[in-house]
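Down below is the structure, laid out as structure tokens.
The values are calculated or read from the model by the stated rules, or taken from the named source; none is laboratory data. Note that the structure is a prediction, hence the values are computed from the model and not measured. Using ideal geometry, Cβ is built from the backbone for each residue, glycine included, and neighbour counts are taken over all protein chains shown.
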Amino acid sequence: MKPTMAILERISKNSMEHQDEVFTRLYRYLLRPDIYYIAYQNLYSNKGAGTKGINDDTADGFSEKKISIIINSLASESYTPKPVRRTYISKKSSSKLRPLGLPTFTDKLIQEVLRLILEAIYEPIFLDTSHGFRPKRSCHTALKMIKREFGGARWFVEGDIKGCFDNIDHQVLISIIQKKVKDARFIKLIYKFLKAGYMENWNYHKTYSGTPQGGILSPLLANIYLHELDLFVLKLKEQFDNPQKDNITPEYRQAHNELKRLSNRLKKGRRK
């Protein structure tokens, strides 16, 4: 049997070389024991691996038997994610609190497996201008890019999508993923996580939108969702940089002509 890491690398390569490719039969990779060892190693390196969700299921209970139980439940499609345990943490440089959803370890493990597969598909097609929640990218790489690409700029616009994680539309997100993934069982499992709900003060609450902050899969799902916005803005930029004659406004034409006249004057001055 081919190692799962080699399969993920092949998926990533195919996604990079054929960006319109649609991926099928992904669910079968969730039934391979070796991918859970990879996921466990990733989680174990995270200091939050031992954090409890709504029960006592933590990383300490990881074993071959546990993997077998997980795979059997996924194979029969009887697996159902537990509601996350909601807690609140302080926002940086703010007195406000933001909600954090803490999944059980088993749910974290399966989310990490889903993340590995989805990342292999989407990471190669995300734009270079995207830096949040991506491997080897951060605020620092974004600042370096700004310094490199926009050296002459004197001002920048900073924006924030209020409640971004909380307001992601589940149906829209699923329809976006279905553009690249044609696997009903794989999509259904993602949907189960989105609809798992949360427990707060021992009361169950349904989730109608959003991905829980604190979930292993949430940052990547948010990036998949916002990739559509990146593509939309890129298209606007291309139209702005290369306007069609029909779309040129009188103001743009006047400014363009003034710039051309000024450029001609400068050229004549240099000849003298």
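Within segment 123-157, work out how many residues are in contact with a Pro (Cβ under 9 Å, 6 or more places away or on another chain) and either in a helix (DSSP H, G or I) or loosely packed, with under 10 Cβ neighbours inside 10 Å (or both). First the steps, then the outcome.
Going residue by residue through segment 123-157, those that are in contact with a Pro (Cβ under 9 Å, 6 or more places away or on another chain) are 123, 132-134.
Keeping just the survivors that are either in a helix (DSSP H, G or I) or loosely packed, with under 10 Cβ neighbours inside 10 Å (or both) gives 123.
Residues in segment 123-157 being in contact with a Pro (Cβ under 9 Å, 6 or more places away or on another chain) and either in a helix (DSSP H, G or I) or loosely packed, with under 10 Cβ neighbours inside 10 Å (or both): 1 in total.
Considering every residue within segment 200-209, establish whether at least one is of a type in the set (Phe, Trp, Tyr), in the same structural domain as Tyr225 (by TED's automatic domain parsing), surrounded by 10 or more Cβ atoms within 10 Å (Cβ to Cβ) and on the phi > 0 side of the Ramachandran plot. Talk me through it step by step, then tell me what you get.
The first filter runs over segment 200-209 and keeps only residues of a type in the set (Phe, Trp, Tyr), leaving 202, 204, 208.
Next cut, in the same structural domain as Tyr225 (by TED's automatic domain parsing) only: 202, 204, 208.
If we keep only those that are surrounded by 10 or more Cβ atoms within 10 Å (Cβ to Cβ) too, we end up with 204, 208.
Subsequent filtering for residues that are on the phi > 0 side of the Ramachandran plot retains none.
The answer is no; no qualifying residue exists.
For segment 63-94, name all the residues that are hydroxyl-bearing (Ser, Thr, Tyr) and either crowded, with 16+ Cβ neighbours inside 10 Å or under 21 Å from Phe186 (Cβ atoms) (or both). Spell out how you get there, then give the answer.
The first filter runs over segment 63-94 and keeps only residues hydroxyl-bearing (Ser, Thr, Tyr), leaving 63, 68, 73, 76, 78-80, 87-88, 90, 93-94.
Once the filter is applied, which keeps residues that are hydroxyl-bearing (Ser, Thr, Tyr) and either crowded, with 16+ Cβ neighbours inside 10 Å or under 21 Å from Phe186 (Cβ atoms) (or both), segment 63-94 yields Ser68, Ser73, Ser76, Ser78, Tyr79, Thr80.
Is it the case that some residue within segment 217-236 is within 19 Å of Arg98 (Cα to Cα) and assigned to a loop (DSSP other than H, G, I, E, B)?
The answer is yes; a qualifying residue exists.
Of the residues that sit in segment 1-13 and are of a type in the set (A, V, I, L, M) and either modelled with pLDDT under 95 or part of a strand (DSSP E or B) (or both), which one is surrounded by the most Cβ atoms within 10 Å (Cβ to Cβ)? Spell out how you get there, then give the answer.
Of segment 1-13, the ones of a type in the set (A, V, I, L, M) are 1, 5-8, 11.
Narrowing further to those that are either modelled with pLDDT under 95 or part of a strand (DSSP E or B) (or both): 1, 5.
On the way: Met1: 7, Met5: 13.
Residue satisfying both the conditions and the ranking: Met5.
Given the criteria aliphatic (A, V, I, L, M), loosely packed, with under 12 Cβ neighbours inside 10 Å and either free of Cβ contacts under 8 Å to residues at least 40 places away in the same chain or not assigned by TED's automatic domain parsing to the domain that holds Lys66 (or both), does Leu97 qualify?
Values: aliphatic (A, V, I, L, M): yes; loosely packed, with under 12 Cβ neighbours inside 10 Å: yes; either free of Cβ contacts under 8 Å to residues at least 40 places away in the same chain or not assigned by TED's automatic domain parsing to the domain that holds Lys66 (or both): yes.
Taking the combined requirement at face value, the residue satisfies it.
Could you list, in sequence order, all residues of segment 173-216 that are more than 23 Å from Ser78 (Cα to Cα), assigned to a loop (DSSP other than H, G, I, E, B) and in contact with a Phe, Trp or Tyr (Cβ under 9 Å, 6 or more places away or on another chain)?
Lys180, Gly210, Gln213
Filter segment 1-13 down to the residues that are within 27 Å of Asn72 (Cβ to Cβ), out of contact with any helix residue (DSSP H, G or I) (no Cβ under 6 Å at 6 or more places or on another chain) and touching a residue at least 12 places away in the same chain (Cβ under 8 Å) and list them by number.
Matches in segment 1-13: Met1, Pro3, Met5, Ile7.
Please indicate, with yes or no, whether at least one residue in segment 14-36 is within 19 Å of Tyr79 (Cβ to Cβ), under 20 Å from the mean Cα position of the chain (by Cα) and in a loop (DSSP other than H, G, I, E, B).
Yes: one or more hits.
In the set Asp160, Asp183, Asp128, which member is under 24 Å from Lys13 (Cβ atoms), of a type in the set (Asp, Glu) and without any contact (Cβ under 8 Å) to a residue 24 or more places away in the chain?
Asp128
Just one of Ala120, Ala142 is among the small types (Gly, Ala, Ser), modelled with pLDDT of 90 or more and within 30 Å of Ala184 (Cα to Cα); which is it?
Values: Ala142 fails: within 30 Å of Ala184 (Cα to Cα).
Of the residues listed, the single one that is among the small types (Gly, Ala, Ser), modelled with pLDDT of 90 or more and within 30 Å of Ala184 (Cα to Cα) is Ala120.
If the requirement is being in the same structural domain as Phe232 (by TED's automatic domain parsing), without any contact (Cβ under 8 Å) to a residue 60 or more places away in the chain and closer than 21 Å to Leu43 by Cβ, which of these qualifies: Ile121, Ile89, Ile110? Please lay out each step first, then the result.
Working: Ile121 fails: without any contact (Cβ under 8 Å) to a residue 60 or more places away in the chain; Ile110 fails: without any contact (Cβ under 8 Å) to a residue 60 or more places away in the chain.
Going through Ile121, Ile89, Ile110 in turn, just one is in the same structural domain as Phe232 (by TED's automatic domain parsing), without any contact (Cβ under 8 Å) to a residue 60 or more places away in the chain and closer than 21 Å to Leu43 by Cβ: Ile89.
Can you report the number of residues in segment 86-120 which are in a strand (DSSP E or B) and within 30 Å of Arg10 (Cβ to Cβ)? Lay out the reasoning, then the answer.
Start the filter on segment 86-120 by keeping residues that are in a strand (DSSP E or B), which leaves 86-90, 97-102.
The next check asks that each one be within 30 Å of Arg10 (Cβ to Cβ); those that pass are none.
Result for segment 86-120: 0.
Please work out which one of (1) at pLDDT 95 or above; (2) under 23 Å from Gly214 (Cβ atoms) is the condition Asn46 fails and give its number.
Status for Asn46: all satisfied but (1).
Residue by residue, here is whether (1) under 17 Å from Ile177 (Cβ atoms); (2) under 18 Å from the mean Cα position of the chain (by Cα); (3) at pLDDT 90 or above holds:
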position	(1), (2), (3)
Ser90	no, no, no
Ser93	no, no, no
Leu116	yes, yes, yes
His131	no, yes, yes
